[in-house]
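Enquirer: One structure coming up, written as structure tokens, with questions to follow.
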Amino acid sequence: MVGTGWLEDWRLTFAGEDLVGWEGAVTTIVPSEGDRVFVALYDVHPWDEARLDEVEGVDAGTYTKLHLRVSTLDGDVTAWVYVLVGFEGGLPTSWYLNEIANAAQKAGAPDDYVQSIRSRPTRNNQV
């Protein structure tokens, strides 16, 4: 990890429950004025980037790869993200949601942000 920051005017959400074949919906982001998503930034070698594109299904049309501005303490940088092609909706499994929250916490996300992730409803424990 080379840094962290925020995607301004985007919102973390879940989608693709019926599209990607998981037991539940998967993480994606959608434009949402006034919201923001905490992100960890990585320096990825071009060979690894190509493999990630393949795994995430960019060529298959499952995800779109976008280049977005990330606000960091050192200023704005451009980073690429994968956004699921499809409609928002569905619930993640509790295991998957916990993995997302743990990753955010490990990367240094604010406690209230991590708690907001942990408090979302899941397929196993609908709130």
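The values are calculated or read from the model by the stated rules, or taken from the named source; none is laboratory data. Note that the coordinates shown come from a computational prediction; the quantities given were computed from them, not determined experimentally. All Cβ positions, even for glycine, are placed from backbone atoms using ideal geometry, and neighbour counts span all protein chains on display.
Enquirer: Only one residue in Ala79, Ala109 is touching a strand residue (DSSP E or B) at 6+ places or on another chain (Cβ under 6 Å), part of a strand (DSSP E or B), of a type in the set (A, V, I, L, M, F, W, C) and surrounded by 11 or more Cβ atoms within 10 Å (Cβ to Cβ), so which one is that?
Expert: Ala79
Enquirer: Then there's this: Would you confirm, using the coordinates I've provided, whether Ala103 is part of a loop (DSSP other than H, G, I, E, B) and at pLDDT 95 or above?
Expert: No.
Enquirer: Output the qualifying pairs, or none if there are none: Cβ atoms under 7 angstrom, residues six or more apart or on different chains, first residue in the stretch 31-50 and aromatic (Phe, Trp, Tyr), second residue surrounded by 12 or more Cβ atoms within 10 Å (Cβ to Cβ).
Expert: Correct list of pairs: Phe38/Thr4; Phe38/Trp6; Phe38/Ala104; Phe38/Ala109; Phe38/Tyr113.
Enquirer: Sticking with this structure for a sec: Being surrounded by 15 or more Cβ atoms within 10 Å (Cβ to Cβ), closer than 18 Å to Pro121 by Cβ and either aromatic (Phe, Trp, Tyr) or modelled with pLDDT under 95 (or both) narrows it down to one of Gly24, Gly57, so name that one.
Expert: Gly24 is the lone residue from the list that is surrounded by 15 or more Cβ atoms within 10 Å (Cβ to Cβ), closer than 18 Å to Pro121 by Cβ and either aromatic (Phe, Trp, Tyr) or modelled with pLDDT under 95 (or both).
Enquirer: Right, next: Can we say Leu91 is modelled with pLDDT of 95 or more and either closer than 16 Å to Gly16 by Cβ or within 16 Å of the chain's Cα centre (by Cα) (or both)?
Expert: no
Enquirer: Give the residue that is surrounded by the fewest Cβ atoms within 10 Å (Cβ to Cβ), with candidates limited to residues of the stretch 27-54 that are hydrophobic (A, V, I, L, M, F, W, C) and over 15 Å from the mean Cα position of the chain (by Cα).
Expert: Result: Trp47.
Enquirer: Of all residues in the stretch 43-73, which are outside any strand (DSSP E or B) and either of a type in the set (A, V, I, L, M) or touching a helix residue (DSSP H, G or I) at 6+ places or on another chain (Cβ under 9 Å) (or both)?
Expert: The answer is Val44, Ala50, Leu52, Val55, Val58, Asp59, Ala60, Thr62, Leu73.
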